[in-house]
Amino acid sequence: MTVRRPAFKYFEPCALDAVMTATDAPCECCNASPGELYSGPIFGLRDVELLCLDCIASGRAARELGSSFADVGTAWEVHSDFDREAGDVTAEVLAELGERTPAYSSWQSPVWLFHCGDGGVFHGDASESDVAKASTESRAHFERNFGVPWAEVTDGYTPSGHNGIYRFDCRNCGMVMFHWDCD
């Protein structure tokens, strides 16, 4: 059975598989049972574990359950200090990311990357090819953000390992950016 998934401005469809669970359980917001539900990070006062993508995309889960997904307030505060290329990110972009975009699971907490005054598009775990073929600009961006040499972090990298490297693409200039997290 193929489940229809809404499109997300900041989340590539292929990356959704990592945060979806096949289940007959109902969405904790609308009670629909689409056959798969989002089981990624959900922040809020209420303990919510499973939501349909329609409730996330429409903002219904954020409104009715007081939930958010990507912790962009904290991420923006942290990244604004050292990512000088981000520019001014609007409240509308932060709301779209926090309230109407799924988040990804990582070792610590999912951090969203920004560039050209906009949120990056999440592509999931970086592939070995993404890491090996990273441009000089992408490597320099990473080293500025994390303060460690690219080779030190990426040597021996394999997706889904203890060293999490996540790929984001700038929606405006196309630059590939990487977030790093480890256990």
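Computed from Cα atoms, the angle from the helix 136-146 axis to the main principal axis of the chain rounds to 70 degrees. With q set to 0.15, 0.18, 0.26, 0.31 Å⁻¹, the log10 of I(q)/I(0) for the range 19-65, from the Debye formula over equal scatterers at the Cα positions, is -0.30, -0.44, -0.94, -1.29. Dipole magnitude for the chain: about 420 debye, using +1 per Lys or Arg Cβ and -1 per Asp or Glu Cβ, origin at the Cα centre. In terms of packing, defined here as the mean over residues of other Cβ atoms within 10 angstrom, the peptides 54-66, 126-138 line up highest first as 54-66, 126-138. Each listed q (0.12, 0.17 Å⁻¹) maps to a log10 I(q)/I(0) for the range 72-182 from the Debye sum over equal C-alpha point scatterers, namely -0.37, -0.77. Of Glu99, Glu152, Glu36, the residue with the greatest mean-square motion in the GNM of the chain, using alpha carbon springs below 10 Å, is Glu152. Contact order, relative form, for the chain: 20 percent (alpha carbon pairs under 8 Å, 6 or more residues apart, mean separation divided by residue count). Estimated from the Cβ-Cβ distance and a Förster radius of 35 angstrom, the FRET efficiency linking Arg63 and Glu128 is about 0.30. The distance linking the range 101-140 with the range 1-38 is 22 Å (Cα centroid to Cα centroid, whole angstrom). A dipole drawn for the chain from +1 and -1 charges on Cβ atoms has a positive end, and of Thr23, Ala70, Trp107 the residue lying farthest that way is Thr23. Tell me the angle of helix 91-100 to the major Cα principal axis of the chain, expressed in degrees between 0 and 90 and rounded to the nearest ten. Here the helix axis deviates by roughly 60 degrees.
Since every read-out is calculated from the coordinates, none of them should be taken as a lab result. Note that the coordinates shown come from a computational prediction; the quantities given were computed from them, not determined experimentally. Here the Cβ is made from the backbone with ideal geometry for all residues, glycine too, and neighbour counts use every protein chain on show.
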